[in-house]
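Presented below is the structure to which this report refers.
Where a number appears in this text, it was derived from the coordinates with a stated rule and is not lab data. These figures come from a predicted structure and were not determined experimentally. Heads up, the Cβs are rebuilt from the backbone with ideal geometry, glycines too, and the neighbour counts pull from every protein chain shown.
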Amino acid sequence: MTARPRPHLPMRPAWLCRNCAAPWPCGPAQLALVTEFYGHSIALAFYLAASMQEAIDDVYGLGLRPNPAAMHARFLGWLSLARRPQR
Ligand SMILES: [Zn+2]
């Protein structure tokens, strides 16, 4: 197999995954972020908060109204689970 796995990166301004078309961060993207930021959970939280802010700005740019609670749950809501110590 020579095909490289396509990264699960957001496609703006919709913030859908370029690979699987799920709302970003999709499951594989979350896994990749936790791996990339392993041991740096605060930095990951800042990165996700910044991404959420950009996504909210993009929603306004599209002339729509973002749902702050839904955006927070999507970008940061999964983080507390990822930060729990692994068994
Ligand atoms: Zn994806």
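For the reader, a short list of remarks on this structure follows.
- Here the condition is being in contact with a Leu (Cβ under 8 Å, 6 or more places away or on another chain) and within 16 Å of the ligand (Cβ to nearest atom); of L31, L48, it holds for L48 alone.
- Only residues that are in contact with a Pro (Cβ under 7 Å, 6 or more places away or on another chain) and among the aliphatic types (A, V, I, L, M) were counted in the range 57-77, giving 2.
- Which listed residue is closer than 18 Å to P7 by Cβ, touching an Asp or Glu at 6+ places or on another chain (Cβ under 9 Å) and in a helix (DSSP H, G or I), from L33, L44: L44
- Among the candidates A3, A73, A43, residue that is away from the ligand (no atom under 15 Å from the Cβ) and in contact with a Phe, Trp or Tyr (Cβ under 7 Å, 6 or more places away or on another chain): A43
- Residues being touching a residue at least 40 places away in the same chain (Cβ under 8 Å) and surrounded by fewer than 17 Cβ atoms within 10 Å (Cβ to Cβ) - total across the range 37-58: 3
- Consider the range 12-22 and keep the residues that are more than 9 Å from the ligand (Cβ to nearest atom) and either of a type in the set (G, A, S) or within 20 Å of L79 (Cβ to Cβ) (or both). The one that is surrounded by the fewest Cβ atoms within 10 Å (Cβ to Cβ) is A14.
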